[in-house]
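Trainee: So that we are looking at the same thing, I have put the structure below in structure tokens.
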Amino acid sequence: MTTRDWDVVVVGSANADLVVGVDRRPGPGETVLGSDLATHPGGKGANQAVAVARLGGRAALVGRIGDDGHGALLRDALAADGVDLAQLTTTPGVPTGVAMITVGPDGDNSIVVSPGANARLGPADVAAARDLIAAASVVSLQLEVPLPAVEAAAHAAAGTGGRVVLNLSPPAPVPADLLALCDPLVVNEHEAARLLDEDARPAGHADSADPAGLAAALARTGPRSVVITLGADGVVVTDAAHAAPVRVASPRVKAVDTTGAGDAFTAALCLRLARGDALPDAARYAARAGAAAVRAHGAQSSFPTADELPEPG
């Protein structure tokens, strides 16, 4: 395996997470009281870069923030964890992205994202980061930034022999040539079901009743490999080396806040793939990171170091 300067380069979003705890979520036209507002550094891209660094990986972020207090918060937090920020661009006159998050008593969350500066990330930013991307073993992508930037980054990584990991969240249709570069495509079971047409879903099964069937069906749509996360129920992976999807268990932990757990999982998956693990082994490690992240409040503040991971499920 060729040694590269960076384990993982993340091309993606950076948001300030504005978090309120609630006893129950309001219905239409209803007002409920919540906890004091907490502001945390977040965004799927920034989260993944921090999670890689916490686990001992060499991480860099390509993204955009605004010239405001939230942008300063994000830059300081990323720098404190050792993420390379040479390609994190400040965008004058545009606010930093914000995620408004409500967390229920069971730890589950609901999120509304205002993209702000993230929406200005484009192919020109990727071109400016071409040397950084070429030096990465894995390039991690998500859909909280515009699709043209994601496509440009995927093609740039593939063109220099890097591995492309796409966490297709929030779910949206993507071109076939982008799907074909994904190794793996990472989604949760609900996102997987939404991505498949009715006639492509496993016959006789509800959207999320058969994760292995969903993984096999999704693999037939074009990605090189597929990872479907199932929360506390673990992970299903499938790739060319396995005739059937492989189920990976997750450690059992008490969930306090699920915010950022998927990002911790994807980051750990990318890191272990960068270090040469086979996909099922990388997923086993990643499941431990995802489980660790639900044990504390916030996104980046909950991300574990390597010695804080729970035992395998």
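Trainee: Against the definition (surrounded by fewer than 24 Cβ atoms within 10 Å (Cβ to Cβ) and either of a type in the set (Val, Ile, Thr) or closer than 19 Å to Ile228 by Cα (or both)), how does Arg252 come out, yes or no?
Mentor: Working: surrounded by fewer than 24 Cβ atoms within 10 Å (Cβ to Cβ): yes; either of a type in the set (Val, Ile, Thr) or closer than 19 Å to Ile228 by Cα (or both): yes.
Against the criterion (surrounded by fewer than 24 Cβ atoms within 10 Å (Cβ to Cβ) and either of a type in the set (Val, Ile, Thr) or closer than 19 Å to Ile228 by Cα (or both)), Arg252 qualifies.
Results for (1) among the β-branched types (Val, Ile, Thr); (2) free of Cβ contacts under 8 Å to residues at least 60 places away in the same chain; (3) closer than 22 Å to Ile101 by Cβ, shown as yes or no for each residue.
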site	(1), (2), (3)
Gly231	no, yes, yes
Ala249	no, no, no
Val253	yes, yes, yes
Val256	yes, no, yes
Thr259	yes, no, yes
Asp277	no, yes, no
Phe303	no, no, yes
Asp307	no, yes, no
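Trainee: I'd like the full set of residues that are without any contact (Cβ under 8 Å) to a residue 40 or more places away in the chain, within 23 Å of Val226 (Cβ to Cβ) and assigned to a helix (DSSP H, G or I), limited to segment 121-151. Lay out the reasoning, then the answer.
Mentor: Start the filter on segment 121-151 by keeping residues that are without any contact (Cβ under 8 Å) to a residue 40 or more places away in the chain, which leaves 122-124, 127, 130-131, 134, 143, 146-148, 151.
From what is left, the residues that are within 23 Å of Val226 (Cβ to Cβ) are 143, 147, 151.
Residues satisfying the conditions are Leu147, Glu151.
Results for (1) modelled with pLDDT of 95 or more; (2) surrounded by 19 or more Cβ atoms within 10 Å (Cβ to Cβ); (3) under 17 Å from the mean Cα position of the chain (by Cα); (4) closer than 30 Å to Met100 by Cβ, shown as yes or no for each residue.
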site	(1), (2), (3), (4)
Asn118	yes, yes, yes, yes
Val126	yes, yes, no, yes
Asp131	yes, no, no, no
Val139	yes, yes, yes, yes
Pro146	yes, no, yes, yes
Ala149	yes, yes, yes, yes
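Trainee: Select the strands (runs of 3 or more DSSP E) contained entirely in segment 153-242, then report the ones holding at least 2 residues which are surrounded by fewer than 24 Cβ atoms within 10 Å (Cβ to Cβ) and at pLDDT 90 or above. Explain how you work it out, then say what you get.
Mentor: Details: elements: 163-167, 182-188, 225-229, 235-239.
Qualifying strands (runs of 3 or more DSSP E): 182-188.
Trainee: Name every residue in segment 1-54 that is acidic (Asp, Glu), assigned to a strand (DSSP E or B) and closer than 18 Å to His297 by Cβ, in order of residue number.
Mentor: Asp17
Trainee: Let me ask another. Regarding Asp106, is this residue among the acidic types (Asp, Glu), crowded, with 20+ Cβ neighbours inside 10 Å and not in a strand (DSSP E or B)? So that I can check it myself, show each step before the final result.
Mentor: Working: among the acidic types (Asp, Glu): yes; crowded, with 20+ Cβ neighbours inside 10 Å: no; not in a strand (DSSP E or B): yes.
Answer is no for this residue.
Each row is one residue, and each column tells you yes or no for (1) over 19 Å from the mean Cα position of the chain (by Cα); (2) modelled with pLDDT of 95 or more; (3) buried (at least 24 other Cβ atoms within 10 Å of the Cβ).
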position: Met1; (1), (2), (3): yes, no, no
position: Val10; (1), (2), (3): no, yes, yes
position: Ala14; (1), (2), (3): no, yes, yes
position: Val20; (1), (2), (3): yes, no, no
position: Glu30; (1), (2), (3): yes, no, no
position: His40; (1), (2), (3): no, no, no
position: Asp67; (1), (2), (3): yes, yes, no
position: Ala79; (1), (2), (3): yes, yes, no
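The values are calculated or read from the model by the stated rules, or taken from the named source; none is laboratory data. Bear in mind the structure is a predicted one, so any value in this text is a computation, not a measurement. So basically every Cβ, Gly included, is an ideal-geometry build from the backbone, and we count neighbours across all protein chains shown.
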